[in-house]
C-alpha cells in the first residue's frame, strides 16, 4: 500500500472538467472577500474580545489579536500561492494530495471535516441563543422550547442550518449575494459600535496595558484543563503577563477561523489565480483591523477587571456601564447577522472539501455528483446540512471552540509545509502569486501555529487524537483501497 502516492497538479486540474462533477465558475474577488469577512466576523467580535481580555490578556488583548493575525497572515500567504497554482476545490486537502501524498491528504481532509462541521454546529447554536435574546429584547415572545440553551431540541439552530443548506444547494452565486447583504449589515454595526465607543474611552483603563502575571487559584485548573506547555514545563496555571498574551492569542484565534474557506471556492472562481489571493489577503486584513479596533474600545471603555468573562454581551455591558443602553439591540442584530454568514460559509467550505475527497473516491463518488442546472454538489451539501442540523439541534455543544482551533492550526501547518515542498518539486509551475522568501514565511507560519497549538488544553489534544484515530480506521477500511490512485495502481500492475 503506497501511502505517499500523489496526484499531479495537471491531474488535479483535469479532474475539474469531468461533466458529472463540474462546478460553475461564477465568483469574483469581491465575492471571495465577502466570504472571508462573512465567516470571520461573527459573534466573536462582540463576545470573544471581552472574555479574553478578562481572563488572559487584559488590555494587551489587542496584541493577542495581532499575534493570531500574524500566524494567519503567514499561513494565508501560503494558501494564496497554492490557490493560484492549483485552482481546485478542496483547499488544504487538495494541496496536500499534490505535495505530501494521499495519506496526509486524508488526514487533512478528515481534520477539516472536524473544523468546519463542528464550527458550523457550534455557531448555529449560538445563533439560536442570540435569536431568542434579540426577539425578546424587541418584546416578541418566543417559547423557551423553540430555541436557546433551555430548549431540549434546538429548533432555531435546526431551522438556520436547513435554510442555509437550501441556499447553498440552489447555487454558490446566490449564496454570495445573500452573504454580501448580511455581511454589509454586520460590518456597519461593528463600525457604528467602534465610533460610538470612542467617546466613552477612559485612558486610565489601559493601565497597566500588560497586567502582571497572576497564578490561577489551586484546584481551578486540573491536568486536562492545563495547556500542553504548562504540562511539559511543569508550570502552574497562570493568567495575564506575557504567557497570558500568548494564551489569549490561542483563544482569539477562533475569531480568524474561516479565511482558509476562501481557498475551497477556487474552482468556482472566474479568475482563481488572481482573485483567490486577493480574497484571502483582503478579508484577513479587513478583519484584523476591525478586531483590533473593537478590542481597544472594549478595554478602553471598561477596566478589564470589571468585564464579566461569562457575559454573552461584554461589549453591550461596556456601554451600559456608561449609561448607554441603545446599543444592546443594535449589537444583538449585528451578532445575529454575523453568525448567519459564519454558518453559511462554514457549510460551503465543508461541502467543497468532502466533494473533492469524493471525487478522488476516498469517500463514495456519489457525493461528488453535481446538479446539471446549478452545478452545485447537491448530494454532499444536503448530507452535510442534515448532519450539522441534527448535531446543532439535539447535542449540547459547549467549550469546543478549541477543538475547532486545533484542527485549523494543524491544517495551516501542513499547507505551509506543502507550499515549500511544491516549490522544490515543481519549480517550473506557473504561479500568479508567489510567497516572498517562502522558506522564511513557511517556517514562521509553522512555528507560530505550532506554538498556538501547544497553548491549547490537554483535553483538546486528547479529543483531537481520538478523532484522528477514527479517521485512520475509516481510511484503511475504505479510502486506501477505493481511491482513484489505488485503483490505477492495481490496473497498472
Within the stretch 302-314, can you find the residues that are out of contact with any helix residue (DSSP H, G or I) (no Cβ under 7 Å at 6 or more places or on another chain) and either under 17 Å from residue 211 (Cα atoms) or buried (at least 20 other Cβ atoms within 10 Å of the Cβ) (or both)? 305, 306
Hey, does the stretch 248-262 have a residue that's closer than 19 Å to residue 173 by Cα and modelled with pLDDT of 85 or more? no
For residue 407: the one exception among (1) outside any helix (DSSP H, G or I); (2) within 26 Å of residue 475 (Cα to Cα); (3) at pLDDT below 85: (1)
If you take the residues of the stretch 122-142 that are part of a helix (DSSP H, G or I) and without any contact (Cβ under 8 Å) to a residue 12 or more places away in the chain, which of them is surrounded by the most Cβ atoms within 10 Å (Cβ to Cβ)? 135
Of the conditions (1) within 18 Å of the chain's Cα centre (by Cα); (2) modelled with pLDDT of 90 or more, residue 340 satisfies every one except a single condition; which number is it? (2)
Note on the stretch 275-285: residues buried (at least 24 other Cβ atoms within 10 Å of the Cβ) and out of contact with any strand residue (DSSP E or B) (no Cβ under 7 Å at 6 or more places or on another chain) are 277, 279, 280, 283, 284
Looking at 288, 299 in this structure, which one is within 15 Å of residue 45 (Cα to Cα) and surrounded by 23 or more Cβ atoms within 10 Å (Cβ to Cβ)? 299
Pairs please, first residue from the stretch 387-408 and more than 17 Å from residue 260 (Cα to Cα), second anywhere and surrounded by fewer than 20 Cβ atoms within 10 Å (Cβ to Cβ) and modelled with pLDDT under 75, Cβ atoms under 8 Å, 6+ apart in sequence or on different chains. 391/397
Test of understanding: among 86, 34, 63, which residue is closer than 30 Å to residue 134 by Cβ and out of contact with any strand residue (DSSP E or B) (no Cβ under 8 Å at 6 or more places or on another chain)? 34
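Conditions tested, residue by residue: (1) crowded, with 24+ Cβ neighbours inside 10 Å; (2) touching a strand residue (DSSP E or B) at 6+ places or on another chain (Cβ under 9 Å); (3) over 20 Å from residue 253 (Cα atoms); (4) free of Cβ contacts under 8 Å to residues at least 40 places away in the same chain.
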site: 316; (1), (2), (3), (4): no, no, yes, no
site: 337; (1), (2), (3), (4): yes, no, yes, no
site: 346; (1), (2), (3), (4): yes, no, no, no
site: 361; (1), (2), (3), (4): no, no, yes, no
Being under 21 Å from residue 117 (Cα atoms), buried (at least 19 other Cβ atoms within 10 Å of the Cβ) and at pLDDT below 90 narrows it down to one residue among 462, 456; which is it? 456
Hey, does the stretch 90-112 have a residue that's within 23 Å of the chain's Cα centre (by Cα), buried (at least 24 other Cβ atoms within 10 Å of the Cβ), outside any helix (DSSP H, G or I) and in contact (Cβ under 8 Å) with a residue 24 or more places away in the chain? yes
Looking at the structure I just gave you, is residue 427 out of contact with any strand residue (DSSP E or B) (no Cβ under 9 Å at 6 or more places or on another chain) and modelled with pLDDT of 85 or more? yes
Among 51, 22, which is the only one that is under 19 Å from residue 271 (Cβ atoms), surrounded by fewer than 24 Cβ atoms within 10 Å (Cβ to Cβ) and more than 17 Å from the chain's Cα centre (by Cα)? 22
Helices (runs of 4 or more DSSP H) within the stretch 238-314 that include 2 or more residues touching a residue at least 60 places away in the same chain (Cβ under 8 Å) and either over 20 Å from residue 72 (Cα atoms) or over 16 Å from the mean Cα position of the chain (by Cα) (or both): 241-252, 272-301
Would it be correct to say that residue 74 is in contact with a helix residue (DSSP H, G or I) (Cβ under 6 Å, 6 or more places away or on another chain), in a helix (DSSP H, G or I) and closer than 29 Å to residue 13 by Cα? yes
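The values are calculated or read from the model by the stated rules, or taken from the named source; none is laboratory data. In this text the structure is predicted, and so the values were computed from the model without any measurement. Cβ sites come from the backbone with ideal geometry, for glycine too, and all protein chains shown count toward neighbours.
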